[in-house]
Each structure stands twice: as C-alpha cells, then as structure tokens.
Amino acid sequence: MNVRLHNTLTRSTEPFQPLQKGQVLFYVCGPTVYDYIHIGNARVFVIFDSLRRFLERCGFRVIYIQNFTDIDDKIINRAREKGVDPRELAEEYIAEYWEDADRLGVRRATHHPRATENVENIIGLIRVLEEKGFTYQVHGDVLFDVSRFPAYGKLSGKKVDELIEGARVESRYKKRSGADFVLWKSAKPGEPRWESPWGPGRPGWHIECSAMVLRYLGHTIDIHAGGTDLTFPHHENEIVQSEAATDHPFARYWLHNGYLNIGEEKMSKSLGNIVTVREMLKQYHPRVLRLVLFSTHYRKPLHLDDEVLSSAERYFERMKNFLRNLSFIEEKVQQAPLCEGKEQEAQFSENIKKCRERFTEALAEDFNTAQALGVVSEFFRTMNRFLQPERGRWSRDTTAGIREFLEEVEEVLGIVPAEEMSVEDRLVQELVEKRQEARAKKEWETADTLREEIHNLGYVVEDTPLGPRWFRTEVESAGDFSVP
RNA sequence: GGCGGCAUGGCCAAGCGGCUAAGGCAGAGGAUUGCAAAUCCUUUAUCCCCGGUUCGAGUCCGGGUGCCGCCUCCA
C-alpha cells in the first residue's frame, strides 16, 4: 500500500517513505499534565494513534513515542493554586490521562517518556548547543540564539524580523531576537529545580521534546505530529535546536491536525468553553466520540455541536443494528447451513472486496477517515441487503468476509460497537418464545403484552421471517450536549 | 502588519482535471410488517462571485468577497 501524507514542511501531500524500510519512527507531542485532557487533546491522541495503527496494518513496524510534559509553568501555577506539590499534581493528571485515553480506546505508545525523567539528557543537549555557540545567558536563563541558525522558519514560513514586529507580548527577557527562546529556566524560590551547569533550574518547554526524540528515536525521525498550533513556535524551535545540535535533519514528515472548536468558537480558557473528555464521556459513548473525530479530515477544523454528535450517535446505532442483523443470520446459517445460490453470493463477495480496497485507499491518502467512514457506510447498506431475512440463503464465506472487514475497521479506527452477548437473561428468551406461541395463535393482545413486558426489562423484539430477533437496548445517553 | 488555511444540497462532510459531484444526519414518499422494530428503495446541488488556462475545472492560475487559524501559554 502506498501511503501518502501531508507534510507541513513542504505544504504538500507526499508519498510516505520511511528512512529505514519497514520501520517508522513516530513522535507525538503529548499532554502537559496539569488538568484533565480536553476534547481537542483527544483529537490529537485519537487521530495519530489510529494513523499509527493503520501504518502497522500496512506492515510497518512503528515505534511510537508520546511524551508527558510533567514540569512546566502551567503545572507550577496550578499546583500553587491548589496548594499541592507540582510533582504530585503531574502524577495525578498522568493517572487521569490513562483513564481517559483508555476509555477512548487510545492505545499505549511504545513508550511514554516524561520530561522529568530526561533532565540529564536535556542538560546534555543544551551543553552541546552551548559548545557550538548557539546559546547565550540572560539572568541565569539559557536562550537559543536564533540568528545563529539561518534555516529558522522553514516549517512555519515565518521570518525572524517579522516576528519582532508582530510580537504582541513584551518578553520578560532581554532577548537578542524576538524569536529566541528559553532552553533552561532558572528556578525562582519555591520552584522545582534541578542542578545544572547554569545553576538550579528547569528545562524550557521546547527542549524536552528534542531531547526525548533524540534519546528514544534518534537524530532523524520519520513522523513528528501534534496540533496545528504547535507548528509555531514549538515545532519550529524543536527543529532548530535539534538540527543545530546534531547536524542532521530532525523530522522528515511533520503532521498537524486542525483545531477542534466548540460550535463556532475556539476552545479556550478565556472563553471558558473548555470541554474535557471526562465531561463528554458522561454523555456520549467513547466510540461515538471517536466517530465524531473521524467524521472530518484531520487537518480541517472540526466544529463540535449537537448535530454533529447526534449524527454520530445515529451512525453508531446503525452499526449496532448491522451487527445484530449479521449475528442473527450467522446463527441461522449455523443451525441449518443454507448455502445454495453461490452465484448470487458472488456479487456480495465482490462488493466486500471493493469496500476493503476503497477503505484502505481512503486512509492511505493522507489518512482520510471521513472518506473511509463513507465507504463503511455504503458497506452497511449493501450488506444489510444481503442479510435481509427474506432472502433465505447465505453463504458462510460471505458472512466471514463481512467479519473480516469489520475486524479491519475495528483494528484501525476502533469504532465498531462491542457485541453484547445475550448473557444473563434467559427470562427474556422465554418471554420471546411465549410471545411467539401467542403470535402463532394470532393472540395479538397477549403478544403485545409480552412485548411490553420485554420492553420494560430493557429489551426489544423484532419479528422477521426467520423468527424473532431480540436484543438489549443501550441506556440512552443523558440529554443534549449544549454549547456553553 | 506578517504567514497560512477554508468556502460543496436544510445541517455535517468527501472530492487533488474527465463515467450520472461519496457518505452521514434531518425531511418526504414507497416496499416490508397483525401492529411495530429493523432494513431496503426513491427523492433534494447554477460546487461563494468574476475572469483565465484547457478538448474538458468543484478540482489548476489571477482577482474579489466572506469566514478561520498562527505570530502570546495553548492540542
């Protein structure tokens, strides 16, 4: 499969060709752990985790690294507000991250390094930069001298002199250039600190990612990804400091996902409209959330609102119905193999094959999940036709083919509903059987009463030519999601 | 001010020069059903405007209009 990815570096969609055949070195900027992750963070983690899953499916061995920024101003400030130790705070929210990520179905990275575990490396990296003459010190802080690195701006297309002009906020530093940034921050009283050649302090934000990339993946990686807002200055700075230190290209493909907005507004603290994953999961099934995230191409902005969410809920319902229809037929075929009519099955088998191809092609073209979802949708429509109880004949090959495709969809996107095996309630089974007897005798009132009873137990019966189909209904999601 | 992105049916959303412009949601009609449910079928697009390139453009180029992002911690 020829995968193509949009590279921010070249602003074009290019064939993806890893440096080392069959292996992908992939780094994603992880969360700063000072609060619960919000739904915008979730977009990054879900999208790139799924891309990694897709690459693995394409046969690549993917080494996937996602960091935790567990030391930083935001953490220090929040810890102060709450009167706790910054380390404790970070620890707490790393635990909360796991909970949210697990529920969202985001798989663990190959490794999740933390900034505080890499201070030695960070100091080492800064020393290299210092020895090469890329740094200067102001008030105990170590800054990167952007003027020493002419390639600065190659990712974001920004020019150093324009930045000085446009700078909206006065820096606390006497920087030589507006684009210079902190590598090592001296500790103020009461702040967490590590010893260093420049005195006690802590790493600047940008340097940690470079240090972790170098340590866990090497001087040149294949993919570096994150939210679009990280393009500048974070990723730009990562590039200069890494390339200045190693003299090697840092990352070959830069991937950036678009913002997630609440209605028409950007999510921000000042607007007070930050929606946490925790909050969303109270109202929506995690897989519905994933569906929403996949419903728009990852590079485009995604506007989260009621309609988008309920639309995804309906899609999810359809998937559940489909699985129900499928297992019902599978059961019937199991009981009495009705395999005649292979010729008629051929068109369905062909259809499954086509869908699989188109699904993969969509994802291979810059990970177009929206298009892939469209394919899945068409697949359901065609296969529901195949599964019509009226048809009266099905081949196992075809139902097996359906299962295979569903597994593939699940493996990459993780959106297929779990099949609730009818576990505990023999009772319902009995009621359904009784109702069948009543129906056979055309005792409609008895039948309807029984259905009511079944319904009250949280189940639904559907009558088909092959007999009743029954299932447990999910607990309805609690109310609407409204824009704050 | 600098850099970049986007404008497709009621809503969301694919589409990267060439069969009848995917798909979802909502609406309408129909098939099916004892009634339902589920499912299937049918049905809705001057692709923001104006020029240009081309045999051919939603798709490329120029201009305009309107939204949005980054340039400040931010995924």
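Some notes on this structure:
- All positions within the range A:187-211 that are open to solvent by 30 Å² or more (accessible area, probe 1.4 Å) and in contact (Cβ under 8 Å) with a residue 24 or more places away in the chain: A:Trp194, A:Pro197, A:Trp205
- Elements of type helices (runs of 4 or more DSSP H) contained in the range A:66-168, each with 1 or more residues being open to solvent by 20 Å² or more (accessible area, probe 1.4 Å) and closer than 28 Å to A:Leu281 by Cβ: A:73-82, A:86-104
- With respect to (1) more than 9 Å from RNA strand B (Cβ to nearest atom); (2) β-branched (Val, Ile, Thr); (3) open to solvent by less than 10 Å² (accessible area, probe 1.4 Å), the lone exception for A:Val292 is condition (1).
- A:Glu131 vs. criteria modelled with pLDDT of 95 or more, among the charged types (D, E, K, R) and closer than 30 Å to A:Ala418 by Cβ: no
- Counted residues, the range A:228-262 - those being open to solvent by less than 10 Å² (accessible area, probe 1.4 Å) and either among the acidic types (Asp, Glu) or near RNA strand B (Cβ under 10 Å from one of its atoms) (or both): 9
- Restricting the first member to the range A:438-464 and to residues that are of a type in the set (Gly, Ala, Ser), and the second to residues that are within 7 Å of RNA strand B (Cβ to nearest atom), the beta-carbon pairs closer than 7 Å and six or more apart or on different chains are A:Ala438/A:Ala447; A:Ala447/A:Arg439.
- A:Ile274 vs. criteria of a type in the set (A, V, I, L, M), open to solvent by 10 Å² or more (accessible area, probe 1.4 Å) and touching a residue at least 60 places away in the same chain (Cβ under 8 Å): yes
- Unmet criterion (only one of (1) modelled with pLDDT under 95; (2) open to solvent by 20 Å² or more (accessible area, probe 1.4 Å)) for A:His219: (1)
- Residue match in the range A:335-350 (condition: under 22 Å from A:Pro417 (Cβ atoms) and among the aliphatic types (A, V, I, L, M)): no
- Of the residues making up the range A:350-403, those that are more than 10 Å from RNA strand B (Cβ to nearest atom) and either assigned by TED's automatic domain parsing to the domain that holds A:Asp463 or closer than 26 Å to A:His297 by Cβ (or both) number 12.
- Matching residues, the range A:233-271, being without any contact (Cβ under 8 Å) to a residue 60 or more places away in the chain and of a type in the set (A, V, I, L, M, F, W, C): A:Phe250, A:Leu271
The values are calculated or read from the model by the stated rules, or taken from the named source; none is laboratory data. What you see is a predicted model; the values in this text were computed from it and never measured. Counting neighbours? That spans all protein chains shown, and the Cβs are built from the backbone with ideal geometry, glycine included. Just so you know, the surface numbers come from the protein's heavy atoms only, side chains and all, with ligands and any DNA or RNA stripped out. Shrake-Rupley method; radii C 1.70, N 1.55, O 1.52, S 1.80 Å.
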